[in-house]
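Trainee: Below is a structure I'd like to ask you about.
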Amino acid sequence: MNVPGQKVRVLMVCLGNICRSPTAHGVFLQRVESAGLAEFIEVDSAGTGDWHIGRQPDPRTCRAAQARGYDLTPLRARQVRPDDFESFDYILAMDEDNLNNLQALCPPHLHDKLKLFLDFADDARVRYVPDPYYGEEDGFQQVLDLVENASGSLLDHIRRQHL
Ligand code: 4NP
C-alpha cells in the first residue's frame with residue numbers, strides 16, 4: 001500500500017525507448033486519464049540503451065499509435081537512471097533482455113519492483129512484447145495489441161492494490 005497522497009509511479013522500459021515503452025507509456029496514460037486517475041497514478045518510460053536519448057518515438061510507432069487515437073509525439077527518449085529504482089513503484093520491462101538489463105542495474109533490495117509488463121496481460125502464454133524496430137508494419141500493430149491488453153489489466157491491478 002502506498003503512503004496516502006503519494007502517487008503510484010509506473011515506469012515502462014524497453015531497449016531504445018522509441019518503440020515499445022513509449023507505446024506502453026501513451027496507451028497506459030490514456031487508460032489512467034480516461035478512468036479519472038491521473039491524480040493518483042504517474043506514468044513514464046525509459047530505455048536501457050542510450051542511442052536515442054532526446055528523440056521522439058520512431059515515426060512508425062507514432063503513426064501506428066495515432067491511428068488508434070494515441071498521440072506519442074510529445075514523448076522524448078531517456079535512459080533508465082539509478083534513482084528510477086527508488087522513485088518508481090512498478091518498473092515494467094517489455095522483454096526478457098530488458099528485464100535482465102534492469103536486474104543488473106537495480107539494487108538487490110528493490111528487485112521486487114521489476115516485472116515483465118505482460119505479467120499483467122490476460123493471455124499468460126505471451127510473455128514478451130517483441131521488438132518491432134527491424135521489422136515490418138505488422139510488428140507495430142502487434143505491439144499495440146499486446147500493450148492495449150496489458151494496460152487494462154495493469155490498471156485493474158493497481159486499483160485493487162493501491163486505490
Ligand atoms: P524499442 O525498439 O526498444 O522498442 O525502443 C528499439 C529501438 C531502437 C533499437 C532497438 C530496438 N536500436 O537498435 O537502435
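The values are calculated or read from the model by the stated rules, or taken from the named source; none is laboratory data. Being a predicted model, the structure only gives us computed values, none of them experimental. Glycine gets a Cβ as well: all are built from the backbone with ideal geometry, and neighbour counts include every protein chain shown. Ligands, DNA and RNA are excluded from the accessible area calculation, which covers all protein heavy atoms including side chains. Shrake-Rupley method; radii C 1.70, N 1.55, O 1.52, S 1.80 Å.
Trainee: Quick check: anything in the range 48-58 exposed (fewer than 15 other Cβ atoms within 10 Å of the Cβ), more than 16 Å from the ligand (Cβ to nearest atom) and not in a helix (DSSP H, G or I)?
Mentor: There is no residue in the range 48-58 that is exposed (fewer than 15 other Cβ atoms within 10 Å of the Cβ), more than 16 Å from the ligand (Cβ to nearest atom) and not in a helix (DSSP H, G or I).
Trainee: Going by the structure shown, is residue 77 modelled with pLDDT of 95 or more, more than 16 Å from the chain's Cα centre (by Cα) and of a type in the set (Gly, Ala, Ser)? Steps first, please.
Mentor: Details: modelled with pLDDT of 95 or more: yes; more than 16 Å from the chain's Cα centre (by Cα): no; of a type in the set (Gly, Ala, Ser): yes.
It is false that residue 77 is modelled with pLDDT of 95 or more, more than 16 Å from the chain's Cα centre (by Cα) and of a type in the set (Gly, Ala, Ser).
Trainee: Of all residues in the range 79-108 being assigned to a loop (DSSP other than H, G, I, E, B) and in contact with a Ser or Thr (Cβ under 8 Å, 6 or more places away or on another chain), which is surrounded by the most Cβ atoms within 10 Å (Cβ to Cβ)?
Mentor: If we filter the range 79-108 for residues that are assigned to a loop (DSSP other than H, G, I, E, B), which is where we start, we get 80-83, 88-89, 94-95, 106-107.
From what's left, in contact with a Ser or Thr (Cβ under 8 Å, 6 or more places away or on another chain): 80, 94.
Details: 80: 24, 94: 29.
If we take residues in the range 79-108 being assigned to a loop (DSSP other than H, G, I, E, B) and in contact with a Ser or Thr (Cβ under 8 Å, 6 or more places away or on another chain), then 94 is surrounded by the most Cβ atoms within 10 Å (Cβ to Cβ).
Trainee: Looking only at the range 1-28, which residues are open to solvent by less than 50 Å² (accessible area, probe 1.4 Å) and either without any contact (Cβ under 8 Å) to a residue 12 or more places away in the chain or closer than 17 Å to residue 89 by Cβ (or both)?
Mentor: Taking the range 1-28 as the starting set, the residues that turn out to be open to solvent by less than 50 Å² (accessible area, probe 1.4 Å) are 2, 8, 10-14, 16-28.
Residues satisfying the conditions are 2, 8, 10, 11, 12, 13, 21, 24, 25, 28.
Trainee: Which residue pairs have Cβ atoms closer than 8 Å, lie 6 or more positions apart in sequence or on different chains, and pair a first residue in the range 130-153 that is closer than 17 Å to residue 69 by Cβ and more than 15 Å from the ligand (Cβ to nearest atom) with a second residue that is open to solvent by less than 10 Å² (accessible area, probe 1.4 Å) and not basic (Lys, Arg)?
Mentor: Note: pairs meeting the criteria are 148/27; 151/24; 151/27; 151/28.
Trainee: Any idea how many residues of the range 143-157 are over 10 Å from residue 28 (Cβ atoms) and either charged (D, E, K, R) or more than 14 Å from the chain's Cα centre (by Cα) (or both)? Give the steps one after another, and end with the answer.
Mentor: Just the residues of the range 143-157 that are over 10 Å from residue 28 (Cβ atoms), to begin with: 143-146, 149, 153, 156-157.
Checking the rest, the ones that are also either charged (D, E, K, R) or more than 14 Å from the chain's Cα centre (by Cα) (or both) come to 145, 156-157.
Within the range 143-157, residues that are over 10 Å from residue 28 (Cβ atoms) and either charged (D, E, K, R) or more than 14 Å from the chain's Cα centre (by Cα) (or both) number 3.
Trainee: Against the definition (of a type in the set (D, E, K, R), at pLDDT below 95 and in a loop (DSSP other than H, G, I, E, B)), how does residue 123 come out, yes or no? Reasoning before the result, please.
Mentor: Values: of a type in the set (D, E, K, R): yes; at pLDDT below 95: yes; in a loop (DSSP other than H, G, I, E, B): yes.
Yes: the conditions hold for residue 123.
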